[in-house]
Amino acid sequence: MGGFFFLRSESGSVSAAAISLEGVSKRYGSKTIVHDLSFTVRPGEIVGFLGPNGAGKTTTMRMISGYTTPSAGRLRVAGFDMVKDNEKAARKLGYLPEQPPLYDMLEVAQYLRFVAKVKSVPQGEVKAEIDRVTQACRLEDVHRKEIYKLSKGYRQRLGLAQALLGKPEVLLLDEPTAGLDPGQIQETREVIRAFGEKHAVLLSTHILPEVTMICARVAIINHGRLLAIDSPQALQRAAEQPNVTLTTDAPADALRAELQAINGVSEVVTRPAGNDTNLLAVDCGVDSRAGIEASIARVVASRWNLYRLERRQPTLESIFLRYVQAAGTTS
Amino acid sequence: MNGMLAVYQKELLSYFRSPIAYFVVAVFLIGAGYFFLYNVLIIGSAVMDETFQSMAILLITLLPLVSMRLFSGEYSARTMELLATLPLKPWQVVLGKYLGAVTILLLMLLATTVNLIPLYLYSEPQTLNIASGYLGFLLLGMACLAVGQFCSALTENQIVAALITMAVLLAFWFVGHLQQFQTASGGREFVRYVAFQPQFADFIRGLVRSEAVSMFAIVSAIALTLNASYLQWRR
């Protein structure tokens with residue numbers, strides 16, 4: 001619990017992180033969907049929640065939102081216990097479920113007014129507040145339209161607008177960019193990023209680049225267990241050794257001997273580069289010391305022609321797959 | 001209070017934006033008009049007993065259509081996830097929805113009062129009997145809606161909700177016949193007390209008995225309490 005810090009909020013309640021889970025589990029009958037999950041999300045932090053389908057992401061989101069109650073463990077939102085202090089916790093929370101919860105028969109403005117009223121937005125501020133989220137989510141064009149007439153992209157953004165109403169301290173988003181076109185994805189990410197500067201956001205997704213772009217930390221879960229939680233960069237560093245690839249016209253045996261003599265190169269794999277039989281593609285496993293690419297380049301270029309040299313970092317995708325597959329084989 | 005009011009307004013908006021409310025009100029008006037014409041023009045009676053009796057059966061077959069969407073609709077549209085995570089207590093959701101449905105019931109009853117105009121123009125009906133008859137309708141309807149709303153919370157399928165409600169309400173209506181088969185006086189008393197039909201019959205005879213009023217109120221209160229507890233338990 002090294003990163004745990006306590007704030008005394010204005011209401012007088014002792015609050016830790018904006019979202020905190022301590023040993024949270026969920027069982028349905030004899031089946032355990034979520035096992036002993038513990039992590040925190042701090043104010044001003046966007047945390048990505050990653051996992052394959054059926055990993056327990058949605059169940060976890062539903063527990064944090066208060067829609068379902070954990071079978072065991074403690075769950076707090078903005079310092080309030082989600083089970084015992086449900087109403088207070090719910091006031092601090094904006095939630096976009098996997099499927100946007102919309103009343104098809106209502107108009108967009110009527111729907112937003114309903115949510116604003118339930119969230120106790122003061123009477124005089126309702127209009128301004130609705131205008132704010134309408135603008136942020138680019139819903140001006142459909143303000144007076146019935147919801148059943150909206151396209152999937154608009155429905156998704158209306159779901160997000162609903163979650164942003166009433167300036168919640170914590171935002172829970174279950175796949176917020178699903179069904180959007182690339183332009184809308186960009187805009188939605190901006191909205192989330194701007195919100196996440198001051199508030200806490202937990203964002204479940206399986207679009208990996210999205211996580212690298214906007215999330216400060218990533219939590220990976222599979223089979224209802226937390227496999228890792230850290231910044232994308234730290235996960236990349238810890239995941240596997242970096243790799244240098246190069247293309248040259250050197251003979252394989254001589255090259256391998258030269259490369260393995262370099263301090264820091266652990267493993268050399270050679271294969272023909274594409275259709276050109278004269279060229280050789282080489283993968284070198286290296287350690288993380290700086291300047292190792294330069295040493296390799298110097299050695300190769302002093303005797304042969306070097307056509308290409310590149311240092312590769314493991315992608316989040318490969319890290320994710322590694323964690324998920326490793327967990328799959330052990331469970 | 002605010003939350004309950006917001007739910008109430010949302011329910012009313014939803015009713016008038018879907019065809020169901022119009023359909024139910026229209027069918028009830030046509031039926032009531034028909035029973036009324038038959039009674040007044042063919043039988044030649046200015047006493048509303050027969051008309052009210054038939055209208056009550058029509059009412060308990062139509063009200064399940066009003067109540068069926070209250071929760072089933074929320075489940076199937078996945079909006080329950082919103083209602084359950086907004087800062088609302090279960091009783092606020094239950095009462096907001098219930099009052100919305102009761103408003104539709106009031107509109108249905110109010111609309112049938114046009115039938116009374118010719119009655120008052122061409123005869124001298126017993127106003128108190130008619131007033132107590134309408135009070136009976138209101139209490140009966142409120143009990144039906146509370147039962148229907150609870151049944152609606154039990155299933156995601158609106159049709160199933162309506163069918164269960166109809167079965168339960170018809171059972172309440174006709175259970176009075178079982179009185180003759182009960183040998184124990186306790187059983188007989190109980191069946192007599194919960195049977196809708198004889199209790200309602202008192203109202204159309206002009207009798208507002210506290211026993212009948214309390215029975216309808218207790219049935220409503222039990223159904224609404226079960227409804228709120230069920231929502232709480234469902235989490």
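Any read-out appearing in this document is the output of simple, stated calculations on the displayed coordinates, not a laboratory observation. Predicted model only: the values in this text are computed from it and were never measured. Neighbour counts are summed over all protein chains in view; Cβ atoms, including those assigned to glycine, are modelled from backbone coordinates with ideal geometry.
Label region B:2-234 by shape, choosing from rounded, prolate and oblate, from the square roots a ≥ b ≥ c of the eigenvalues of the Cα gyration tensor; if a/c is under 1.5 it is rounded, and otherwise prolate applies when a/b is larger than b/c, oblate when it is not.
Here region B:2-234 falls in the oblate category.
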So what is the diffusion coefficient of chain A in µm² per second by Stokes-Einstein at 10 °C and 1.306 mPa s, using a Kirkwood Rh over Cα pairs? 70
For labels at residue A:245 and residue B:160 in the simple 7 Å Cα→Cβ model, what's the distance in nm? 5.4
Would you work out if region A:54-118 is rounded, prolate or oblate? Take a ≥ b ≥ c from the square roots of the eigenvalues of the alpha-carbon gyration tensor; rounded if a/c is under 1.5, else prolate when a/b is larger than b/c, oblate otherwise. oblate
In terms of modelled amide H atoms, which long-range or inter-chain residues lie less than 5 Å from the amide H of residue A:18? A:41, A:42
Rounded to whole Hz, the Karplus (6.51, -1.76, 1.60) HN-Hα couplings of region A:130-135, x for glycine and proline: 5, 4, 4, 6, 4, 5
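Which entries of A:117/A:145; A:88/A:198; A:88/A:167; A:145/B:89; A:152/A:198; A:152/B:89 show an alpha-carbon separation above 24 angstrom in the structure shown?
The answer is A:145/B:89; A:152/A:198; A:152/B:89.
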Kindly express, to the nearest 10 degrees and within the range 0 to 90, the angle between helix A:316-330's C-alpha long axis and the longest C-alpha principal axis of chain A. 80
I'd like to verify something in chain B: which complete DSSP H helices, judged by Cα projection on the helix axis, reach 30 Å or more and average at least 0.0 on the Kyte-Doolittle scale? B:90-112, B:127-154, B:210-234
With θ set to phi - 60° and the Karplus curve 6.51 cos²θ - 1.76 cosθ + 1.60, what are the ³J(HN,Hα) couplings of region A:244-258 in order, to the nearest whole Hz, using x for Gly and Pro? 10, 10, 8, 10, 8, 9, 6, x, 4, 5, 4, 5, 4, 4, 4
Using amide H atoms built 1.01 Å from N in the peptide plane, name the residues 5+ places from residue A:218, or on other chains, whose amide H lies under 5 Å from its own. A:48, A:230, A:231
Selection from A:70, A:130, A:200, by position along the positive dipole direction of region A:13-237 (Cβ): A:70
So the FRET efficiency between residue B:30 and residue A:135, C-beta based with R0 = 45 Å and rounded to 0.05, is 0.40
Averaged across A:116-122, how many Cβ atoms of other chains sit within 10 Å of each residue's Cβ atom? 5
Candidates B:184, B:171, B:221: whichever shows maximal mean-square fluctuation once chain B is modelled as a Gaussian network with Cα springs under 10 Å: B:184
Based on the Cα gyration tensor of region A:241-313, what are the three equivalent ellipsoid semi-axes, each the root of five times an eigenvalue, rounded to whole Å and given largest first? 18, 13, 11
Between residue A:263 and residue A:303, what FRET efficiency follows from the Cβ-Cβ distance if R0 is 25 Å, with the result rounded to 0.05? 0.85
Under a Gaussian network model of chain B whose springs join Cα atoms within less than 10 Å, the largest fluctuation of B:180, B:197, B:53 belongs to B:180
Taking neighbour Cβ counts within 10 Å as the exposure measure, how do A:307, A:111, B:134 sort from fewest upward? A:307, B:134, A:111
Just rank B:174, B:71, fewest to most, by other beta-carbon atoms within 10 angstrom. B:174, B:71
Per the helix-only model, chain A has a calculated mean residue ellipticity at 222 nm (DSSP H runs of ≥4, -39500 (n - 2.57) each, divided over all residues, rounded to the nearest 500) of -10500 deg cm²/dmol
Partner shielding of B:6-19, as the mean number of partner chain Cβ atoms within 10 Å, equals 4
